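The values are calculated or read from the model by the stated rules, or taken from the named source; none is laboratory data. Since the model is a prediction, treat every value here as computed from it, not as a measurement. Note: ideal-geometry Cβ built from the backbone for every residue, glycine included; neighbour counts use all protein chains shown. Side chains are part of the model used for accessible areas, which takes the heavy atoms of the whole protein and leaves out ligands, DNA and RNA. Shrake-Rupley method; radii C 1.70, N 1.55, O 1.52, S 1.80 Å.
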Amino acid sequence: MTHTLYSFRRCPYAMRARLALASAAQPVELREIVLRDKPAAFLATSPSATVPCLQTAEQVIDESLDIMIWALRRNDPEQWLAMPETGWGWIAKADGPFKQALDRTKYASRYPDEDATEQRQKAAGFLSDLDQTIDRWIFTEASLADYAILPFVRQFAFIDKPWFDQQPWPHLQAWLDRFISSSRFEAIMHKYPKWQDGDAATLFPEAPTKR
């Protein structure tokens, strides 16, 4: 059975799943979902009705970080899982307090009881700490932590890119710029048509990606 990945191009959770699948060279049938018009096959597969969702012969994996780990445990040529234990702490902070503050900044109208400026400062505190940790990568070499967090830093940066660029985060900004301009990022951001039942399979990754 071909593994099937339900994805949405611009979703940062789906981005990081695709990053790990590409690094691990784990082929999947990619099905691009339009979130306002979710197909029945997707809704029948995903317990949460959110992307990404990976269906294998043995299981359905409905969390992006779990998809990353699944792929890298099968094949980890770049040794992303060989990161210091503190990497898991960085990922937890990014997925928890930082993502909460990001959402309350980007989608302020959804949170009328929250102060968007205060939430942006909370997110900025995390990014300031991360800037002080990064040299070229969070650790000596690229790791799961980098590629689990980068899509969310990108999402935050483009809420107000001029403001982001003015912040005193030179290491973080260079780290993000390298990611956005990389062939790896280009490879996972290819535009696919909306998937419909009966479509020919779209295989991902199309070709090996480079750092």
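Summarising the label geometry, the points placed 7 Å from Cα in the beta-carbon direction at Leu203 and Ala44 lie 2.6 nm from one another.
The Cβ shell under 9 Å around Met189 holds other residues with a net charge of +3, Lys and Arg each +1, Asp and Glu each -1. Here the extension length gained between Asp115 and Arg74 equals 10.4 nm, from 0.36 nm per residue of separation less the Cα-Cα distance. A value for Cα Rg over 2.2 N^0.38 Å was derived from the coordinates, and within the list (i) 1.02; (ii) 1.13; (iii) 0.96 it appears as (i).
Out of the total accessible area of segment 1-98 (probe 1.4 Å, heavy atoms of protein only), what percent is carbon and sulfur?
51 percent
For a Förster distance of 30 Å, can you work out the FRET efficiency between the beta-carbons of Gln59 and Ile180, rounded to the nearest 0.05? Computed FRET efficiency for Gln59 and Ile180: 0.35.
Here segment 77-193 is treated as a sphere whose radius is the Kirkwood value from Cα pairs; by Stokes-Einstein at 37 °C and 0.692 mPa s it diffuses with a coefficient of 219 µm²/s. Mind pulling the angle between the C-alpha long axis of helix 170-180 and the longest principal axis of the chain? Nearest 10 degrees, somewhere in 0 to 90. In the chain, helix 170-180 runs at an angle near 20 degrees to the longest axis. At a probe radius of 1.4 angstrom, the accessible area of segment 1-136 per residue rounds to 49 square angstrom. Using the Karplus relation 6.51 cos²θ - 1.76 cosθ + 1.60 with θ = phi - 60°, the per-residue 3J(HN,Hα) values for segment 126-139 come to 5, 5, 5, 5, 5, 4, 6, 8, 6, 9, 8, 10, 5, 10 Hz, with x marking Gly and Pro.
With R₀ fixed at 30 Å, the C-beta to C-beta distance from Asp160 to Leu81 puts the FRET efficiency at about 0.30.
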